[in-house]
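What follows is a single structure, written as structure tokens, with notes after it.
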Amino acid sequence: MSEHAEHVVSPKIYLLIFAALMVLTVTTAWAATVDLNAYFMGLNIIVALVIATCKASLVVLFFMHAYYSAKRTKLIIICGVFWLAIMLFLTMGDYATRSWEVH
Amino acid sequence: MHRTGELYGQFQTLEQQKASATLGMWIFLATEILFFGGLFLTYTINRQAYPDVFADASKTLSLPLGTINTLVLIASSLTMAMAVWSAEVGKKKLIPLFLVLTLILGSIFLFIKGIEYHDKYVEHHIPGLPFQFEPGSSVATNAHAELFFSLYFGMTGLHAMHMVVGVGLLIWLLRQSLKGRFTPDYNTPIENVGLYWHFVDIVWIYLYPLLYLIDRHK
């Protein structure tokens, strides 16, 4: 039952994560005002979503203790994200290949 | 009925009971991913279909207010995490303090959201009410901008509704914590409300770039 032993995350780690989240938020707001698409088409969206995913991961892993949690909890998280990915990728794959349809 | 740290009949140990509660909360959050996921999917499809109008409509949102709200919500996640920590280490007096801070930050978020909604009302950007995107916009542009704002209000509205529920839960926790209910052995309610609060934070972490940021450079 050792996996149930509660791991108390120290305030120091919370403050560190908080600081990282603040820096990432300011970075993404600044990056949005720069025309990154000039370098590579769609780079603005990619940068914004990569930063958002970094922020979300920090929140899930440390604020929500997923990093320290039981394997079955991690399984539920992965399932949730995986089903979302199925929904997004298959549907967008469908839309992206409807060449006969004019919007 | 819900007594502090009592072991229910179907569990063998308190640890097992707590692990089950945590697992149940995560399963609920997994269904919430799908709940919001449908809206994110609808947004993606329509943004791809009408990229130019969506970009113009996105730029009418206030970047400063959106950014401030993101920072406020992240700060509220920190205070929520600190409330959970206070309960875990048995600092009983700190629990209500951090809960109140979370409550205040959550309310600031909702207040700023209200200002933004009011701005949209003044600009005639609320679908269903007399809607005019820009003076002289064509019928098609108006229709597609209305689609953007329907999604904007749908997504941020559902998010704000979750915030309101969270505020209600915080008030409940605050009452319980003032009665001294939470100890290092029994803090499942704080921990699970914390998980919910952080989840709602994550939804905003994605709403912010998708609605406010990605077309800002155009």
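The values are calculated or read from the model by the stated rules, or taken from the named source; none is laboratory data. Just so it is clear, the model here is predicted, and its values are computed rather than measured. FYI the Cβ positions are ideal-geometry reconstructions off the backbone, even for glycines, and counts take in every protein chain you see.
Just so you know, in the stretch A:62-89 the residues that are more than 8 Å from chain B (Cβ to nearest Cβ) and of a type in the set (A, V, I, L, M) include one that is nearest to B:Ile74 (Cα to Cα), and it is A:Ala66. Of all the numbered requirements in (1) touching a Pro at 6+ places or on another chain (Cβ under 7 Å); (2) closer than 16 Å to B:Tyr152 by Cα, B:Val89 misses one, and that requirement is (2).
Listed by position, the helices (runs of 4 or more DSSP H) contained in the stretch B:3-105 that have at least 3 residues being of a type in the set (Lys, Arg) and modelled with pLDDT under 95 form an empty set. For the stretch B:43-57, residues that are of a type in the set (Val, Ile, Thr) and away from chain A (no Cβ under 11 Å) total 1.
Of the residues in the stretch B:187-206, at least one is within 14 Å of chain A (Cβ to nearest Cβ), in contact (Cβ under 8 Å) with a residue 12 or more places away in the chain, within 22 Å of B:Leu78 (Cα to Cα) and not in a helix (DSSP H, G or I). Looking at (1) farther than 21 Å from B:Pro209 by Cα; (2) part of a helix (DSSP H, G or I); (3) over 18 Å from the mean Cα position of the chain (by Cα), can you tell me which one A:Ile86 breaks? Answer for A:Ile86: the failing condition is (3). The set of residues in the stretch A:50-83 being within 13 Å of the chain's Cα centre (by Cα) and of a type in the set (D, E, K, R) consists of A:Lys55 alone. Out of curiosity, is B:Ser177 of a type in the set (Ser, Thr, Tyr), surrounded by fewer than 22 Cβ atoms within 10 Å (Cβ to Cβ) and over 13 Å from the mean Cα position of the chain (by Cα)? The answer is no for B:Ser177.
Suppose the filter is surrounded by fewer than 14 Cβ atoms within 10 Å (Cβ to Cβ) and in a helix (DSSP H, G or I); does A:Lys12 pass it?
Considered against the rule, which asks whether it is surrounded by fewer than 14 Cβ atoms within 10 Å (Cβ to Cβ) and in a helix (DSSP H, G or I), A:Lys12 comes out as yes.
Is the stretch B:60-75 home to any residue that is surrounded by 20 or more Cβ atoms within 10 Å (Cβ to Cβ) and among the polar types (S, T, N, Q)? Yes, the stretch B:60-75 contains at least one residue that is surrounded by 20 or more Cβ atoms within 10 Å (Cβ to Cβ) and among the polar types (S, T, N, Q). Across the stretch A:52-61, the qualifying residues are those that are at the interface with another protein chain (Cβ under 7 Å from one of its Cβ atoms) and under 16 Å from A:Ala32 (Cβ atoms), and the one among them that is surrounded by the fewest Cβ atoms within 10 Å (Cβ to Cβ) is A:Ala52. Against the test of being aliphatic (A, V, I, L, M), over 12 Å from the mean Cα position of the chain (by Cα) and modelled with pLDDT of 90 or more, the options B:Leu169, B:Leu195, B:Leu110, B:Leu129 yield a single qualifying residue, B:Leu169. Among the numbered conditions (1) over 24 Å from B:Ile190 (Cα atoms); (2) in contact with a Leu (Cβ under 8 Å, 6 or more places away or on another chain); (3) touching a residue at least 24 places away in the same chain (Cβ under 8 Å), the only one that A:Thr27 does not meet is (2). Considering A:Val47, A:Val34, the condition of being assigned by TED's automatic domain parsing to the domain that holds A:Val9, within 24 Å of B:Ser62 (Cβ to Cβ) and over 17 Å from the mean Cα position of the chain (by Cα) is satisfied by A:Val34 alone.
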